[in-house]
Amino acid sequence: MKRVASVIQLRPEHEREYRELHAAVWPEVLSILTEHGVTNYSIFFRDGMLFSYLEFVGDDYEASMAAIAEHQVTKDWWKLTDPCQVAVDTASPGEWWAALEEVFHHD
């Protein structure tokens, strides 16, 4: 199992819309995530920042993320959520949600 955490900024003028979208996530979006090994997925919010945490239980994280991105339902969902977000200043080129380094874990 792989733990994945990342951050992105939420555009303040889109906070309400973003919250409403995630209060009623499309079942197809959730099915695609589950189908590709994403479990225990949460998004938290504070001070304009979104923090995402998920656990990946598949064999190839990069391939699974690419497969998720290729689904039309995912593309349609991202058309709604992406305008609500802006990458953090320290994101790598082409990186949307900026990956975080795990420095501590306790089970």
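Structural remarks
- Single match in Asp47, Asp59 (criterion: surrounded by fewer than 13 Cβ atoms within 10 Å (Cβ to Cβ) and touching a Gly at 6+ places or on another chain (Cβ under 9 Å)): Asp59
- Sole residue being over 16 Å from Met1 (Cβ atoms) and among the hydroxyl-bearing types (Ser, Thr, Tyr), chosen from Tyr41, Tyr53, Tyr61, Tyr18: Tyr18
- Condition check for Ala67: of a type outside the set (Ser, Thr, Tyr) and in contact (Cβ under 8 Å) with a residue 24 or more places away in the chain: yes
- Single residue of Leu80, Leu100 found to be touching a helix residue (DSSP H, G or I) at 6+ places or on another chain (Cβ under 8 Å), touching a residue at least 24 places away in the same chain (Cβ under 8 Å) and not aromatic (Phe, Trp, Tyr): Leu80
- Taken together, the residues in region 83-95 that are farther than 14 Å from Met49 by Cβ and touching a residue at least 40 places away in the same chain (Cβ under 8 Å) amount to 1.
- Those residues of region 20-41 which are touching a residue at least 24 places away in the same chain (Cβ under 8 Å) and in a helix (DSSP H, G or I), in sequence order: Leu21, Glu28, Val29, Ile32, Leu33
- Candidates Ala67, Ala91, filtered to the one that is in a loop (DSSP other than H, G, I, E, B) and small (Gly, Ala, Ser): Ala91
- Considering Glu95, Glu70, the condition of being surrounded by fewer than 11 Cβ atoms within 10 Å (Cβ to Cβ) and of a type outside the set (Lys, Arg) is satisfied by Glu70 alone.
- Qualifying residue in region 42-61 (condition: of a type in the set (Lys, Arg), at pLDDT 95 or above and outside any helix (DSSP H, G or I)): yes
The values are calculated or read from the model by the stated rules, or taken from the named source; none is laboratory data. Keep in mind that what you see is a predicted model, and the values were worked out from it rather than measured. For neighbour counting, all protein chains shown are included, and Cβ atoms are generated from backbone atoms with ideal geometry for every residue, glycine included.
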